[in-house]
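Peer 1: Take this structure, written in structure tokens, and hold onto it; I'll ask about it next.
The values are calculated or read from the model by the stated rules, or taken from the named source; none is laboratory data. Source: prediction; values computed, not measured. Positions of Cβ are generated from backbone atoms using ideal geometry, with glycine treated the same way; all protein chains shown enter the neighbour counts.
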Amino acid sequence: MKTRLPMRVRLDLATPRGGLSLPIHYNYLINSAIYRTISSDYATFLHDGGFKLGKRSFKLFTFSRILAPFVLKGYRITFRGRATLFISSPLLRFLKELVSGFLRRGYLNLNGSRVRISGFEFLESPFISESVIIRTLSPITVYSTLRGEGGRKKTYYYNPKEREFSELASENARKKYFLLSGRKVSGNLKIEPLRVRENVLLYKGTVVKGWTGTFLLEGPKPLIQTVYDAGLGSKNPQGFGMFEVIS
């Protein structure tokens with residue numbers, strides 16, 4: 001049996017003695033740090049469009065929230081002690097350039113703060129079946145752009161209990177799989193919320209609504225593997241849709 005290459009990296013971050021203080025909505029800072037770490041030509045390709053399918057474009061990477069003890073004060077969040085960040089992608093070039101950049105620099109630049117990378121590890125993919133329980137590492141968001149009064153565009157974010165949440169996430173996963181393999185897969189993803197809560201974040205001043213917690217994910221194994229690597233739902237390169245398999 002062919003061994004599958006790990007497509008997920010865990011970064012161990014050493015926070016400064018006084019803690020790592022960031023704006024509470026810090027996804028953009030991590031996104032920018034990732035683009036600065038990979039080569040400029042590849043960063044430009046991904047940032048300016050990436051992989052196109054019809055009218056949609058995909059960057060095919062995602063990252064987690066920073067996982068560490070923290071204190072909230074106003075619009076700032078301060079992380080203390082050991083911090084962990086996960087980054088995932090089905091793109092081998094992306095991961096090679098990312099790790100090479102981390103090894104060369106030895107730090108992550110977040111909002112002017114150089115956060116030392118104390119260690120990293122490639123993580124083996126978990127066993128994927130056609131029915132898994134997942135826990136989010138960053139919020140899952142699914143949305144549609146609708147036309148409101150006067151023809152103005154309006155973004156509607158779906159609740160996991162709404163039928164469209166599964167349908168649109170499944171359609172998104174099928175497109176990612178096609179981009180990566182050149183093949184179509186029969187069957188769809190079904191996402192059932194188990195214990196979830198809504199998260200409202202800002203990304204460059206734009207409100208994004210997502211959901212964190214545990215979900216039951218059912219469907220073809222190739223689709224589940226694809227969203228494990230590339231992210232589930234939308235806005236993955238902005239730090240949404242990353243999860244771990246817990247059962």
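Peer 1: If Ala169 meets every condition in (1) closer than 21 Å to Ile87 by Cα; (2) surrounded by fewer than 22 Cβ atoms within 10 Å (Cβ to Cβ); (3) not acidic (Asp, Glu) apart from one, which number is that one?
Peer 2: Going through (1) closer than 21 Å to Ile87 by Cα; (2) surrounded by fewer than 22 Cβ atoms within 10 Å (Cβ to Cβ); (3) not acidic (Asp, Glu) one by one, Ala169 breaks only (2).
Peer 1: Where the second residue is of a type in the set (Ser, Thr, Tyr) and crowded, with 19+ Cβ neighbours inside 10 Å and the first is over 16 Å from Gly205 (Cβ atoms) and touching a residue at least 40 places away in the same chain (Cβ under 8 Å) and lies in the stretch 8-30, which pairs have Cβ atoms under 6 Å and are six or more apart or on separate chains?
Peer 2: Listed by first residue and then by second, the contacts come to Arg8/Ser88.
Peer 1: For the stretch 31-72, name all the residues that are β-branched (Val, Ile, Thr), surrounded by 14 or more Cβ atoms within 10 Å (Cβ to Cβ) and in contact with a strand residue (DSSP E or B) (Cβ under 6 Å, 6 or more places away or on another chain). Break it down stepwise before answering.
Peer 2: Taking the stretch 31-72 as the starting set, the residues that turn out to be β-branched (Val, Ile, Thr) are 34, 37-38, 44, 62, 66, 71.
When the remaining residues are screened for being surrounded by 14 or more Cβ atoms within 10 Å (Cβ to Cβ), the result is 34, 37-38, 62, 66.
Answer for the stretch 31-72, where residues must be β-branched (Val, Ile, Thr), surrounded by 14 or more Cβ atoms within 10 Å (Cβ to Cβ) and in contact with a strand residue (DSSP E or B) (Cβ under 6 Å, 6 or more places away or on another chain): Thr62, Ile66.
Peer 1: Against the definition (among the basic types (Lys, Arg), part of a strand (DSSP E or B) and farther than 17 Å from Thr62 by Cα), how does Arg104 come out, yes or no? Steps first, answer last, please.
Peer 2: Values: among the basic types (Lys, Arg): yes; part of a strand (DSSP E or B): no; farther than 17 Å from Thr62 by Cα: yes.
Here the answer is no, as Arg104 does not meet what is asked.
Peer 1: Return the total of residues in the stretch 134-161 being farther than 17 Å from Val208 by Cβ and either in contact with a His (Cβ under 6 Å, 6 or more places away or on another chain) or exposed (fewer than 15 other Cβ atoms within 10 Å of the Cβ) (or both). Walk me through how you get there before you give the answer.
Peer 2: Of the residues in the stretch 134-161, the ones farther than 17 Å from Val208 by Cβ are 134-135, 147-152, 161.
Now narrow it down to the ones that are either in contact with a His (Cβ under 6 Å, 6 or more places away or on another chain) or exposed (fewer than 15 other Cβ atoms within 10 Å of the Cβ) (or both): 147-152, 161.
The total comes to 7.
Peer 1: Can you pull out the residues in the stretch 199-247 that are part of a helix (DSSP H, G or I) and more than 17 Å from Arg174 (Cα to Cα)? Walk me through it before giving the result.
Peer 2: Our first condition is that a residue be part of a helix (DSSP H, G or I); within the stretch 199-247, this holds for 221-230, 236-238.
Scanning the stretch 199-247 gives Pro237, Gln238.
Residues are listed down the side, and each one gets a yes or a no for (1) surrounded by fewer than 19 Cβ atoms within 10 Å (Cβ to Cβ); (2) in the same structural domain as Phe94 (by TED's automatic domain parsing); (3) touching a residue at least 24 places away in the same chain (Cβ under 8 Å):
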position	(1), (2), (3)
Glu164	yes, no, no
Val200	yes, no, no
Gly210	no, no, yes
Thr214	yes, no, yes
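Peer 1: Filter the stretch 178-188 for residues that are in contact with a helix residue (DSSP H, G or I) (Cβ under 8 Å, 6 or more places away or on another chain) and touching a residue at least 40 places away in the same chain (Cβ under 8 Å) and give the result. Explain how you work it out, then say what you get.
Peer 2: Looking only at the stretch 178-188, we keep the residues that are in contact with a helix residue (DSSP H, G or I) (Cβ under 8 Å, 6 or more places away or on another chain), and these are 180-181, 183-185, 187-188.
Listed by number, the residues that qualify are Leu180, Ser181.
Peer 1: Step by step: first the residues of the stretch 111-125, then only those that are in contact (Cβ under 8 Å) with a residue 60 or more places away in the chain and among the small types (Gly, Ala, Ser), then the one that is surrounded by the fewest Cβ atoms within 10 Å (Cβ to Cβ). Which residue is that? Spell out how you get there, then give the answer.
Peer 2: Residues of the stretch 111-125 that are in contact (Cβ under 8 Å) with a residue 60 or more places away in the chain, as a first pass: 111, 113, 115-125.
Retained after the next criterion (residues that are among the small types (Gly, Ala, Ser)): 113, 118-119, 125.
On the way: Ser113: 14, Ser118: 13, Gly119: 11, Ser125: 15.
Looking at residues that are in contact (Cβ under 8 Å) with a residue 60 or more places away in the chain and among the small types (Gly, Ala, Ser), I get Gly119.
Peer 1: How many residues does the stretch 113-156 contain that are among the charged types (D, E, K, R) and either touching a Cys at 6+ places or on another chain (Cβ under 8 Å) or under 18 Å from Asp229 (Cβ atoms) (or both)? Even if it seems obvious, please write down each step before you answer.
Peer 2: Keep residues of the stretch 113-156 that are among the charged types (D, E, K, R), which gives 114, 116, 121, 124, 130, 135, 147, 149, 152-154.
From what's left, either touching a Cys at 6+ places or on another chain (Cβ under 8 Å) or under 18 Å from Asp229 (Cβ atoms) (or both): 121, 124, 130, 135.
So the count comes out to 4.
Peer 1: Being in contact with a Lys or Arg (Cβ under 6 Å, 6 or more places away or on another chain), closer than 13 Å to Thr141 by Cα, of a type outside the set (S, T, N, Q) and in contact (Cβ under 8 Å) with a residue 40 or more places away in the chain is the requirement here; does Gly233 meet it?
Peer 2: Numbers: in contact with a Lys or Arg (Cβ under 6 Å, 6 or more places away or on another chain): no; closer than 13 Å to Thr141 by Cα: yes; of a type outside the set (S, T, N, Q): yes; in contact (Cβ under 8 Å) with a residue 40 or more places away in the chain: yes.
For Gly233, the condition - in contact with a Lys or Arg (Cβ under 6 Å, 6 or more places away or on another chain), closer than 13 Å to Thr141 by Cα, of a type outside the set (S, T, N, Q) and in contact (Cβ under 8 Å) with a residue 40 or more places away in the chain - is not met.
Peer 1: Right, something else. Collect the residues in the stretch 4-20 that are out of contact with any Leu (no Cβ under 8 Å at 6 or more places or on another chain) and crowded, with 19+ Cβ neighbours inside 10 Å, keeping them in residue-number order.
Peer 2: Just the residues of the stretch 4-20 that are out of contact with any Leu (no Cβ under 8 Å at 6 or more places or on another chain), to begin with: 4, 12, 14-19.
Residue satisfying the conditions is Thr15 alone.
Peer 1: While we're here: For Ile128, only one of the following conditions fails: (1) outside any loop (DSSP other than H, G, I, E, B); (2) surrounded by 12 or more Cβ atoms within 10 Å (Cβ to Cβ); (3) in contact with a strand residue (DSSP E or B) (Cβ under 9 Å, 6 or more places away or on another chain); (4) not charged (D, E, K, R). What is its number?
Peer 2: Here Ile128 clears every test but (1).
Peer 1: Name the one entry in Lys154, Lys175 that is in contact with a Leu (Cβ under 7 Å, 6 or more places away or on another chain), touching a residue at least 60 places away in the same chain (Cβ under 8 Å) and not assigned by TED's automatic domain parsing to the domain that holds Phe61. Outline the logic, then answer.
Peer 2: On the way: Lys154 fails: touching a residue at least 60 places away in the same chain (Cβ under 8 Å).
Only one candidate qualifies: Lys175.
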